[in-house]
Amino acid sequence: MAFLLKDLIKKQAPLASGHRMCAGCPAPVIVKQVLMSTDHPKVCTNATGCLEVATTIFPFTSWKVPWLHIAFENSAAAVSGVEAAYHGLANKGELPEDMKNAKFIAFGGDGGTYDIGIQALSGALERGHNMLYVCYDNEGYMNTGIQRSSATPIGANTTTTPVGSQSYGKREIRKDLLSIVVAHHIPYAATCAPHDWMDGMKKSQKAIETEGPAFLNYFSPCIPGWKIPADAWRKLSELAVKTCFWPLIEVENGKWSLTGESKRIADGKAEKVPAVEFMKNQGRFKHLFTQKKDDVLALIQADIDRSWDFYRKMAGY
Amino acid sequence: MKEQKKSWNELPIGGSILEAGNSKNYFTGTWRTFKPVHNAKLCINCYFCWMHCPDDSIVIENGKVTGMDLDHCKGCGVCAEVCPKKAITMEKEEK
Amino acid sequence: MSSGRFIAVDGADTAAFAMKQIDPDVVAAYPITPQTEIVMKFSEYVANGEVKTRYVTVESEHSAMSACVAAAAAGARAMTATAANGLALMWEILYIAASYRLPIIMGVANRALSGPINIHGDHSDAMGARDSGWVQLYSENNQEVYDNYIMALKIAEHKDVMLPVMVNQDGFITSHSVENVEPLTDEQVRDYIGKKPAHFKGLLTYGKPVTIGPLDLQDYYFEHKMQQHTAMQKVLPVIKEVQEDYFKKFNRKYEIIEKYKADDAEMVIVGMNSVMGTVKDLVDELREKGVKIGAIKPRVFRPFPKNEIADILKNFKAVAILDRADSFGSFAPLYAETLAAMYKFEKRPYIRSYIHGLGGRDTTMELLGTVANDLIKMKDSGEGHLSEAYLGVR
């Protein structure tokens, strides 16, 4: 189903203004895209992280849906517990009318999902809860001051992979979280980039309406973490897809496909843009250009080419 | 807003917040260095600014963008960046 | 009115049976020795449709406690069980459960906390969690396990409390020993625990969107801790009320601190959980010989019944405190807190600390006999006063 902005604007936004996310952070836009994609009653859980702390500084909350935060590594376990409560209460006829057909959505950053929360995520996916887990991936521990996570790309300057005489930044490739999630054989998993809001909302809608566990990995540029201007997220989101750094992928019942611009590139209808176009205006990669680290830039391009080849093959190209 | 801080026995237990979306009462507009200025003559009401605004600060009345909620807009400029008609421009905030 | 019907069960099955009768909305649990039997037995009840519970077989204790917190925060009755390292893995979330004021019930089959790894009983697991904000009940035997479970729910969900409750029993010695237990009937339990009280609301039952677990900084965190403190202050009166009501309804008498042959005693041995069965036997034996000895058994360690224990102990000549946990570099927990509670009196009994039974070491009648001998010496001479002994260590 296509979404029309003229209809969406009439609905209540799920996240009120007055939150203290950084100016220009797309995470609230991601929340908007996910939660506005269906009209179900929704209950959200949130891992500790930027989104959690900045939207709920007591006594203020930006959330207009029931929302729970417990800790960093357990957003998936928390959503399991809420979903279990839903069924437990329903079994006894104690579920309020306004919560019937509710959907359960967990949010977590990449630190809380790829790293410390992966056990809880894997457990929840395996148990088959009727839930959606949304990772907003800003490629590092941004809330604690820009440390590397297993989602940080090669070459990025972070506070735990600082550039120095013996260091060009992070040395390891990103963890392929999507493949790990798909290996649980859940009914729905996808990647999204918030500039392509239609693609993101369609995927969100499918993910929410899927019976059983679903997963979305949402690209989420970070203003201070990537050292980019406050109005840069949309353009970078677009470039991440155009360079195949962040392909738009959908895996429905084990069937992989590419969507949006990624599909056009795979179909030969659009050019795959060189990775440097995505990297050159980000402060976290600046040293690669000023120090003329062409070997590292080549390494990064090779890594993108490798993963793009992999996803293309998975999608049957 | 001047915040009246309650004592322990006046607060709901467990740290819960019972008033959904009350962050509306917290004004982040003071963070701004640049403010978005909306030109209704150029605006085609595509609502791209609304979709891209992280702060729910695009004011729409009767289907028309009428301006920005400057109490909350942090001045990130994404609305101006995404506007296909350049109907939003960022201007230096005057103190 | 009790049911008059006895079943022969071990402590773990007793816990599972009580859970079945409570029929919680959600159970999230992960197996660990010696708690395993609790979750295995409860799984059978689920498999046979004897409960309506949504049972979540989580991938770790951390997720077990997280799911219980979430379920309770959603407005559901939630229960779990664990031991030792499992409880340790829950640590972070224990504090959160208490601070969110969620009336979760958790059984703990007390077991030594590694290392080196040991699967047998001691109280190092629960003692480590003593400052997590949970109410801690202790159970000498299977009957007490059962009754503590049923009463725990009433304590936890009381409007002045709204705190999680840990029901402790000794790993193996209680959890795996078969005794006769007289349970209430299913109807009795159902009527007794009733529906969730109106103040017990959550994400799914509030009727409006609520934010639970926000960021709580310098401006309000302290106030929320004050609320927790105040709730804990109300627990002992509530336990008293619940125990009295339980006695009235089911003719089973429990007190916050059980006194055994203590009224005319000169000396007492103080301890918690299963060792007190052996202590009572010793008291019986020595009483036959004319020794004025008694036993004191706190059934609640959190909140610590400081005034109650001090008022009981102040009149004895000599007191031995048995701790089944150490606090390396300080005083053992029950000993330390008892000493602090006694400070308000000018005249205090001679008192001595005994650490016993670590890692499942048997605390025999013979060993306890040496404690009694020490007390007999100490009561007149003061010999050993304020000293610390390790009972039976080579």
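If each of B:E10 and A:K11 carries a label point 7 Å out from its Cα toward its Cβ, how far apart are those two points in nm?
3.8 nm
Using a Förster radius of 41 Å, what is the FRET efficiency between C:H229 and A:R264 based on their Cβ-Cβ separation? Nearest 0.05, please.
Efficiency computed from Cβ-Cβ geometry: 0.10.
Quick check: the angle from helix A:294-314's long axis to the longest principal axis of chain A, C-alpha only, nearest 10 degrees?
It is inclined by approximately 40 degrees.
Determine the sum of side-chain charges near A:L15: Lys and Arg each +1, Asp and Glu each -1, restricted to other residues whose C-beta is under 15 angstrom from that of A:L15.
Working: positive: A:K11, A:R20, A:K32, A:K42, A:K64, B:K24, B:K74; negative: A:E52, B:E19, B:D55, B:D56, B:D69.
That works out to +2.
Can you list the lysines whose alpha carbon is less than 23 Å from that of C:K41, not counting same-chain residues fewer than 8 positions off?
Result set, ordered by chain and number: A:K92, C:K20, C:K52.
Have a look at the range A:216-257 and report residues whose accessible surface goes down by 40 Å² or more when the remaining protein chains are included, against the chain on its own, probe 1.4 Å, ligands and DNA/RNA excluded.
So the qualifying set is A:D231, A:W233, A:R234.
Rolling a 1.4 Å sphere over the protein heavy atoms, what is the accessible area per residue of chain C, to the nearest Å²? Before the final figure, lay out the partial values.
Working: 14860 Å² over 394 residues.
Per residue, chain C has an accessible area of 38 Å².
Hey, which aspartates and glutamates would be in cross-link range of A:K6, C-alpha to C-alpha under 18 Å, not counting anything within fewer than 8 residues on its own chain?
The reachable aspartates and glutamates, counting only those whose Cα sits under 18 Å from A:K6, are A:D39, A:D196, A:D199, B:D56, B:E61.
Using the Karplus curve 6.51 cos²θ - 1.76 cosθ + 1.60 with θ = phi - 60°, what ³J(HN,Hα) values do you get for each residue of the range C:138-146, in whole Hz, with x for Gly and Pro?
Per-residue couplings from phi come out as 10, 10, 6, 9, 5, 4, 5, 4, 4 Hz.
In whole percent, how big is the carbon plus sulfur part of the accessible area of the protein assembly as shown, probe 1.4 Å, protein atoms only? Intermediate values should be presented prior to the final figure.
Values: 16140 of 30920 Å².
Whole-percent figure for carbon plus sulfur exposure: 52.
Once a ≥ b ≥ c are taken as the square roots of the eigenvalues of the Cα gyration tensor of chain A, is the result rounded (a/c under 1.5), prolate (a/b larger than b/c) or oblate (a/b not larger than b/c)? Could the numbers behind the result be given before it?
Details: a/c = 1.72, a/b = 1.48, b/c = 1.16.
Verdict is prolate for chain A.
Counting alpha carbon pairs within less than 8 Å and at least 6 residues apart, what relative contact order, in whole percent, applies to the range C:257-390?
26 percent
What distance in nm lies between label points placed 7 Å from Cα along the C-beta direction at B:E93 and A:H185?
Each label point lies 7 Å from its Cα, and together they span 5.5 nm.
Solvent-accessible area per residue for the range A:5-314 at a 1.4 Å probe radius, Å²? List each step's numbers first, then the result.
Numbers: 10260 Å² over 310 residues.
In whole numbers, the range A:5-314 has 33 Å² accessible per residue.
Kindly state, as a whole number, the per residue volume in cubic angstrom of the convex hull around the alpha carbon atoms of the range A:1-159.
Values: hull volume 23.4 nm³, N = 159.
Measuring per residue, one finds 147 Å³ for the Cα hull of the range A:1-159.
Going by amide H atoms built from the backbone, whose H comes under 5 Å of the H on C:V108, apart from near neighbours?
For C:V108, whose amide H was placed from the backbone, the distant partners under 5 Å are C:T82, C:V167, C:N168, C:Q169.
What's the angle, to the nearest 10 degrees (0 to 90), between helix A:118-127's Cα axis and the longest principal axis of chain A?
Roughly 50 degrees, rounded to the nearest 10.
Among the lysines, select those whose C-alpha is under 20 Å from the C-alpha of A:K292, and discard any that sit fewer than 8 residues away in the same chain.
Here the lysines satisfying the reach criterion relative to A:K292 are A:K170, A:K227, A:K280.
What FRET efficiency, computed as 1/(1 + (r/R0)^6) with R0 = 51 Å and r the Cβ-Cβ distance, is obtained for B:T66 and C:E50, rounded to the nearest 0.05? Walk me through the intermediate numbers first.
Numbers: r = 62 Å, r/R0 = 1.21.
Result of the calculation: an efficiency of 0.25.
Per the Kirkwood definition applied to all pairs of different Cα atoms, how many angstroms is the hydrodynamic radius of chain B?
Working: mean 1/r = 0.0663 Å⁻¹.
Result for chain B, one decimal place: 15.1 Å.
Which value, in square angstrom to the nearest 100, describes the accessible area buried between chains C and A on both sides, using a 1.4 angstrom probe? Intermediate results must be reported in sequence, preceding the final value.
Working: alone 17170 and 13850 Å², together 27730 Å².
Interface area, both chains combined: 3300 Å², rounded to the nearest 100.
What do you reckon, how do C:Y350, A:Y311 stack up by accessible area (1.4 Å probe), largest on top? If you can, show how the numbers build up before the last one.
Numbers: C:Y350 75, A:Y311 25 Å².
The ordering from most to least exposed comes out as C:Y350, A:Y311.
In bins 10 Å wide, starting from 0, what share of all Cα pairs of the range C:1-110 does each bin hold, as a percent?
16, 48, 29, 7, 0
Once you have the alpha carbon radius of gyration of the range C:265-394, what is it after dividing by 2.2 N^0.38 Å, with N set to its residue count?
0.96
Using all Cα-Cα distances in the protein assembly as shown, what percent lands in each 20 angstrom bin from 0 up to the longest?
With 20 Å bins starting at 0, P(r) equals 15, 41, 28, 13, 2, 0.
Just checking the output field for C:196-208: average partner chain Cβ neighbours within 10 Å of each residue's Cβ? Please report the intermediate quantities before stating the final value.
Numbers: counts 3, 0, 0, 1, 0, 2, 7, 14, 15, 7, 7, 4, 6.
Across C:196-208, the average partner-chain Cβ count within 10 Å equals 5.
Express in whole angstrom the spacing between the alpha-carbon centres of the range A:122-180 and the range B:50-95.
If you average the Cα positions of each part, the centres end up 32 Å apart.
Using a basic spin-label model with each label point 7 Å from the Cα along Cα→Cβ, how many nm lie between B:L18 and C:K259?
4.3 nm
Of all beta bridges DSSP finds with both residues in the protein assembly as shown, what is the antiparallel percent, to the nearest 5? Could the numbers behind the result be given before it?
Values: 30 of 94 bridges.
Counting DSSP beta bridges with both partners in the protein assembly as shown, the antiparallel share is about 30 percent.
Are there GluC sites (Glu not before Pro) in the range A:226-317 that DSSP marks as loop and that have at most 11 other Cβ atoms within 10 Å, and which are they?
A:E271
Lys and Arg at +1, Asp and Glu at -1: add these up for the other residues within a Cβ distance under 11 Å of C:A73 and post the number.
Details: positive: C:R101, C:K201; negative: none.
So the surrounding residues net to +2.
Give the calculated FRET efficiency between C:K314 and B:K86 to the nearest 0.05, with a Förster radius of 60 Å applied to their Cβ-Cβ distance.
Working: r = 84 Å, r/R0 = 1.40.
About 0.10, to the nearest 0.05.
In degrees, nearest 10, range 0 to 90: what is the angle between the Cα axis of helix C:221-233 and the longest Cα principal axis of chain C?
60 degrees
In whole angstrom, note down how far apart the Cα centers of the range C:122-182 and the range C:197-218 are.
Between the Cα centre of the range C:122-182 and that of the range C:197-218, the gap is 27 Å.
Please tell me which of these pairs span more than 30 angstrom C-alpha to C-alpha: B:K41/B:K92; A:K32/B:K85; A:K203/C:K195; B:K35/C:K208? List each step's numbers first, then the result.
Details: B:K41/B:K92 21 Å; A:K32/B:K85 24 Å; A:K203/C:K195 40 Å; B:K35/C:K208 35 Å.
Listed pairs above 30 Å: A:K203/C:K195; B:K35/C:K208.
Do you know the relative contact order of chain A, to the nearest whole percent, from alpha carbon pairs under 8 angstrom that are 6+ apart? Before the final figure, lay out the partial values.
Details: 617 pairs, mean separation 50.8, N = 317.
Once normalised by length, the contact order is 16 percent.
Sum up the charges of everything whose Cβ sits under 14 Å from the Cβ of C:A84, counting Lys and Arg as +1 and Asp and Glu as -1, but leave C:A84 out. The partial results should precede the final answer.
Details: positive: C:R111, C:R324; negative: C:E61, C:D122, C:D125, C:D170.
Taking every Cβ under 14 Å from that of C:A84, the sum is -2.
Pull out a ≥ b ≥ c, the square roots of the eigenvalues of the alpha-carbon gyration tensor of the range C:7-249, then state rounded if a/c is under 1.5, prolate if not and a/b is larger than b/c, and oblate in the remaining case. Could the numbers behind the result be given before it?
Working: a/c = 1.45, a/b = 1.22, b/c = 1.18.
Rounded, since a/c falls under 1.5.
Working out 0.36 nm times the residue gap between C:K344 and C:K248, then minus their Cα-Cα distance, what length gain in nm do you get to one decimal? Can you show the working numbers first?
Numbers: separation 96, 0.36 × 96 = 34.56 nm, distance 3.44 nm.
Contour length minus Cα-Cα distance gives 31.1 nm.
Report, for chain A, the % of DSSP beta bridges that are antiparallel, rounded to 5. Before the final figure, lay out each step's value.
Working: 10 of 34 bridges.
So the antiparallel bridges in chain A amount to around 30 percent.
Going by the alpha-carbon gyration tensor, a ≥ b ≥ c the square roots of its eigenvalues, is the range C:145-276 rounded (a/c under 1.5) or, if a/c is not under 1.5, prolate (a/b greater than b/c) versus oblate? Please report the intermediate quantities before stating the final value.
On the way: a/c = 2.14, a/b = 1.54, b/c = 1.39.
Note, shape of the range C:145-276 comes out prolate.
Give the interface area between chains B and A as buried accessible surface, both sides summed, probe 1.4 Å, in Å² to the nearest 100.
3100 Å²
The values are calculated or read from the model by the stated rules, or taken from the named source; none is laboratory data. The model shown is predicted, which means the values in this text are computed figures rather than measured ones. No Cβ is skipped: glycine too gets one built from the backbone with ideal geometry, and neighbour counts run over all protein chains shown. Areas reflect the complete protein model, heavy atoms only, side chains present, ligands, DNA and RNA absent. Shrake-Rupley method; radii C 1.70, N 1.55, O 1.52, S 1.80 Å.
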